[in-house]
There are 2 protein chains.
Amino acid sequence: MISKAKLKYLSSLKQRKSRQEHNRFLVEGLRLCEEILDSYYEIETALFCAAQLQSERGQQLIETLRQRGIPTLEINQTELKRISETVHSQGIVCVVKKREFDLSEILRTPPRVLLAFDEINDPGNLGAILRTAGWFNVGGIFLSKNSVEAVNGKVVRASMGGLFHLPIFENCTLEEMIAKLKNENYAIWVADANGDVDYRRANFGEKNLLVLGNEIEGVHSEIMKMADGLLKIPNPGKGESLNVAVAAGILLAEMNRGNK
Amino acid sequence: MISKAKLKYLSSLKQRKSRQEHNRFLVEGLRLCEEILDSYYEIETALFCAAQLQSERGQQLIETLRQRGIPTLEINQTELKRISETVHSQGIVCVVKKREFDLSEILRTPPRVLLAFDEINDPGNLGAILRTAGWFNVGGIFLSKNSVEAVNGKVVRASMGGLFHLPIFENCTLEEMIAKLKNENYAIWVADANGDVDYRRANFGEKNLLVLGNEIEGVHSEIMKMADGLLKIPNPGKGESLNVAVAAGILLAEMNRGNK
């Protein structure tokens, strides 16, 4: 049993406003809670409902959490229902501290692809792209103001935990960020259905920033102007555009093509 | 005004069972209704709500439908609400006839990539893949039994109409289909996170079938055994797998790499 006030607070973390106020977010389910244990993030408390967490894997997770000194708190099914965002809860929800990353550290590490989002809206798309970014070992993520929040529950679930391993910078002024990266000799590539550089013929150097735009509006013109190239995926068939997560996957795979 | 019985019938087309019984499906919104006008499909009736279809583009669409001899039927907002699946309806819904495609015709056309799905479940994923398949000019789509229906409203919307330009075969027994394609000298490629062929080094000939599996289970082992190669996208970073729509995009882009 937990207090009414505590339950209200935990349930409020499903809202962006409360996550930003308290600097905490919720991570739910066995796989995601396992994943965040071995990531950049610190789990503050693990809430579990014994009745819904009876698998061996669930028992093992609680055991590991305790061994690591993370407070665990048993809750009942009614309480779980208030806190959970999923229809079929697996009986475990972690409260995780948001964290800040250090840009200079990102820039010191060996050159990798970085990824920026200009007002991306759809949590499913952002999550799928972060899953891809984790896969292709992207070095850092920049989200502009007015983008969906990276620790939004839907983003976290669609990313399959991929975002836990990515340094993420939120509320960025992309123009400033891009200017900094240009100073560090990053090439700036904007994904654009009407771009002038066929992605298969782009000359990717060692340091690249890929900028992805809003699903409808694309990338703002001020940012387009800062680009070294506008990447297009040529269309031999039908359609006005690709899904942004699919386009991001094709471009990230290409930028990673020379690597093992 | 339309009769209660007609309204009930139209609203029922939101359900798979009714779509299969009546061999009809619904297509909603300006862009999708425009798209289906220039596709393989025949629109039976266009339902529109004048109060919600006031844009010039909307007027133009109604005009074009009438010029083509397609019956248009005005409905009110209450009726639209019963029929529409979207929160912000654009005031137009078309009733479209399902259709059958001829496999021998597909096999006679110049060799292209074909795409098969082994029990894909998520309509958003299937829709995004069909959007990609339209873009890359895929020659035909095979959906196994127990896959989500291609003309499910969510699939149609996520495909952005891409599926209207694709010959689609539903309820396929994939083993039989694959045997036929092998006879026609198609190479059979299965996407598999644990595959043995790096997709960047696969030797794609002229005729290829790409098989994609269920989001959780992957492709059935009987089908794996029929493959000429199991394609993997190597993972230099983190994660157990890519989103299936992202993986499909990367593989279809690669299979299309040599083309203009």
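The values are calculated or read from the model by the stated rules, or taken from the named source; none is laboratory data. What you see is a predicted model, and the numbers here were worked out from it, not measured in a lab. Here the Cβ positions follow ideal geometry from the backbone for every residue, glycine too, while neighbour counts run over all protein chains shown.
Of note:
- Test result for A:Leu181, under 21 Å from A:Asn256 (Cα atoms), assigned to a helix (DSSP H, G or I) and modelled with pLDDT under 95: no
- Checked against (1) modelled with pLDDT of 95 or more; (2) touching a strand residue (DSSP E or B) at 6+ places or on another chain (Cβ under 9 Å), B:Gly153 passes all but condition (1).
- Any hit, segment B:193-207, residues being within 20 Å of A:Arg157 (Cβ to Cβ) and touching a helix residue (DSSP H, G or I) at 6+ places or on another chain (Cβ under 6 Å): no
- Taking the listed residues A:Gln54, A:Gln60, A:Gln15, A:Gln77, the one that is of a type outside the set (A, V, I, L, M, F, W, C) and more than 16 Å from A:Gly91 (Cα to Cα) is A:Gln15, with no other qualifying.
- Out of B:Leu174, B:Leu130, B:Leu181, sole residue that is more than 21 Å from B:Ser18 (Cα to Cα) and in contact with a Gly (Cβ under 6 Å, 6 or more places away or on another chain): B:Leu130
- Within segment B:107-118, being more than 10 Å from chain A (Cβ to nearest Cβ) and modelled with pLDDT under 95 holds for B:Leu107, B:Arg108, B:Thr109, B:Pro110, B:Pro111.
- Residue that is farthest from A:Cys33 (Cα to Cα), among those in segment A:45-99 that are surrounded by 13 or more Cβ atoms within 10 Å (Cβ to Cβ) and of a type in the set (Asp, Glu): A:Glu79
- Across segment A:229-241, a minimum of one residue is classified as among the hydrophobic types (A, V, I, L, M, F, W, C), more than 8 Å from chain B (Cβ to nearest Cβ) and more than 22 Å from B:Val244 (Cα to Cα).
- Residue check: B:Ala128 meets all listed conditions (1) more than 25 Å from A:Val246 (Cα to Cα); (2) within 12 Å of another protein chain (Cβ to nearest Cβ) but one, namely (1).
- Filter result for A:Asn185 (surrounded by fewer than 19 Cβ atoms within 10 Å (Cβ to Cβ) and not aromatic (Phe, Trp, Tyr)): yes
- Residue match in segment B:148-165 (condition: among the β-branched types (Val, Ile, Thr), surrounded by fewer than 19 Cβ atoms within 10 Å (Cβ to Cβ) and in contact with a Leu (Cβ under 8 Å, 6 or more places away or on another chain)): no
- Any hit, segment A:173-190, residues being among the acidic types (Asp, Glu) and touching an Asp or Glu at 6+ places or on another chain (Cβ under 7 Å): yes
- Matching option when the condition is under 21 Å from the mean Cα position of the chain (by Cα) and of a type in the set (Asp, Glu), among A:Glu206, A:Glu215: A:Glu215
- When B:Ser144, B:Ser104 are checked against the criterion of being more than 14 Å from chain A (Cβ to nearest Cβ) and buried (at least 20 other Cβ atoms within 10 Å of the Cβ), B:Ser144 stands alone in meeting it.
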